[in-house]
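The values are calculated or read from the model by the stated rules, or taken from the named source; none is laboratory data. Predicted model only: the values in this text are computed from it and were never measured. Quick reminder, even Gly has a Cβ in these numbers, built from the backbone with ideal geometry, and neighbours come from all protein chains shown. Heads up: the accessible areas ignore ligands, DNA and RNA and are worked out on the full protein's heavy atoms, side chains in. Shrake-Rupley method; radii C 1.70, N 1.55, O 1.52, S 1.80 Å.
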Amino acid sequence: MIWQQTPYTSPLLATAFLTFAAALYAYRQRQGPGAIYMFRMMLAVMIWVVFYALELNTADLAGKKLWSKLQYIGIVYIAVSYFLFVLHYIGAWDKIRQTRPFHLALHLIPTITLLLAWTNEAHQLVWHSTSLLYA
């Protein structure tokens with residue numbers, strides 16, 4: 001991989017540090033309503049930001065594709081974690097069925113999206129084409 005320094009690196013790494021600090025704080029408060037899901041959501045945001053910073057600092061197409069695919073680990077689970085956080089925080093978690101099929105259904109679309117991103121070369125359903133533009 002060919003590395004290049006961009007002006008976006010420092011703000012992105014600062015964001016990653018702040019989201020990690022927020023995740024640790026949420027984990028320390030895990031007895032509170034929704035705190036464990038806030039912890040998971042902040043970790044997902046941190047994963048997304050770190051891999052995005054790595055993507056921006058990579059100059060070759062193969063490296064950018066790799067980091068883009070790894071970003072999806074964080075991207076797809078942010079919405080699920082946020083939804084579960086809200087359910088716990090507002091107290092609606094006790095009113096819905098807390099069954100294994102419910103959790104599987106919640107994670108079905110993010111998992112399919114992640115698999116589609118990782119296997120994009122076989123079907124081009126996520127990215128139709130990829131190329132570098134030089135300015």
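Only Cα pairs within less than 10 Å get springs; with that Gaussian network setup on the chain, which residue of H88, H107, H123 has the largest fluctuation? Answer for the Gaussian network model of the chain: H123. Computed with a 1.4 Å probe on the full set of protein chains, the accessible area for V126 sits at about 50 Å². Axis angle, to the nearest 10 degrees, between helix 61-89 and the longest C-alpha principal axis of the chain: 20 degrees. Here are a few candidate values for Rg and Dmax of the Cα atoms in Å: (1) 14.9, 46; (2) 20.3, 77; (3) 17.4, 55. Which one was actually calculated from the structure I just gave you? The calculated read-out lines up with (3).
For T58, the amide hydrogen comes within under 5 Å of the amide hydrogens of Q4, counting only partners 5 or more places away or on other chains and with H modelled in the peptide plane. If R0 is taken as 22 Å, the Cβ-Cβ distance between A135 and M1 corresponds to a FRET efficiency of 0.60.
Think of a 1.4 Å ball rolled over the protein heavy atoms: the stretch 1-98 then has 60 Å² of accessible area per residue.
In degrees between 0 and 90, to the nearest 10, how far off the longest principal axis of the chain does helix 9-28 point, with axes built from Cα atoms? Tilt of helix 9-28: around 20 degrees. Rounded to the nearest 20 debye, the dipole magnitude of the chain is 440 debye, with +1 charges on Lys and Arg beta carbons, -1 on Asp and Glu beta carbons, and the Cα centre as origin.
Once both labels are positioned 7 Å from their Cα atoms along Cα-to-Cβ, the gap between R100 and L115 label points is 1.8 nm.
Across the chain, the longest run free of exposed loop sites, meaning chymotrypsin sites (Phe, Trp or Tyr not before Pro) lying outside DSSP classes H, G, I, E and B with no more than 15 other Cβ atoms within 10 Å, spans 9-126. Return the single residue from A21, A105, A79 with maximal mean-square fluctuation; model: Gaussian network over the chain, springs between Cα atoms under 10 Å. Taking springs between Cα atoms under 10 Å, the residue moving most is A105. Counting only alpha carbon atoms, the long axis of helix 100-118 and the longest principal axis of the chain meet at about 0°.
Extension gain, H128 to I90, is 9.6 nm, computed as 0.36 nm per intervening residue step minus the present C-alpha separation. May I ask you to give the percent of accessible area on the chain that is carbon plus sulfur, with a probe radius of 1.4 Å? Exposed carbon and sulfur together represent 67 percent of the surface.
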